[in-house]
1. Ignoring ligands, DNA and RNA, please state the percent of accessible area on the chain from carbon and sulfur, probe 1.4 Å.
2. Projected onto the charge dipole of the chain (+1 at Lys/Arg Cβ, -1 at Asp/Glu Cβ, origin at the Cα centre), which of 52, 21, 10 gives the Cα projection farthest towards the positive end?
3. Using a 1.4 angstrom probe, figure out how much accessible area the chain has per residue, in square angstrom, rounded to the nearest whole.
4. Provide the FRET efficiency to the nearest 0.05 for the residue 7-residue 54 pair, computing r from the beta carbons and using R0 = 25 Å.
5. Give the value in nm², to one decimal: projected area of the alpha carbon convex hull of the chain, averaged over all directions.
6. Using θ = phi - 60° and the Karplus form 6.51 cos²θ - 1.76 cosθ + 1.60, what ³J(HN,Hα) does each residue of the stretch 13-23 get, whole Hz, x for Gly and Pro?
7. Amide H neighbours of residue 44 under 5 Å, counting only residues 5+ apart in sequence or on other chains, H built in-plane at 1.01 Å?
Amino acid sequence: MIETLPADFVTTAWEGVLHCSATSVHSGRSTQLWDATVTEDRTAAVFRCTQLILWPR
């Protein structure tokens with residue numbers, strides 16, 4: 001199964017260096033929520049990632 005990461009692309013970067021900054025919105029025992037922003041000179045993309053933590057039994 002292929003999962004996709006929903007992202008909102010604001011602009012296109014044709015050259016240069018991209019930087020990504022991710023911050024934790026929620027970091028619990030079984031779930032995590034992250035916001036990330038990709039920038040060049042301005043915001044190029046933003047996305048939110050929800051992680052489910054599976055602990056071994």
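1. Working: 2870 of 5120 Å².
So the carbon and sulfur contribution to the accessible surface is 56 percent.
2. So the residue furthest toward the plus end is 52.
3. Numbers: 5120 Å² over 57 residues.
I get 90 Å² per residue for this part.
4. On the way: r = 24 Å, r/R0 = 0.96.
Between residue 7 and residue 54 the formula returns 0.55.
5. On the way: hull surface 22.0 nm².
Orientation-averaged projected area of the Cα hull: 5.5 nm².
6. With coefficients 6.51, -1.76 and 1.60, one gets 10, 8, 7, x, 10, 9, 10, 10, 10, 10, 10 Hz.
7. 38, 39
The values are calculated or read from the model by the stated rules, or taken from the named source; none is laboratory data. All values derive from a computational prediction rather than experimental measurement. We place every Cβ from the backbone using ideal geometry, glycine too, and count neighbours over all the protein chains shown. Only protein heavy atoms, including side chains, enter the accessible area calculation; ligands, DNA and RNA are left aside. Shrake-Rupley method; radii C 1.70, N 1.55, O 1.52, S 1.80 Å.
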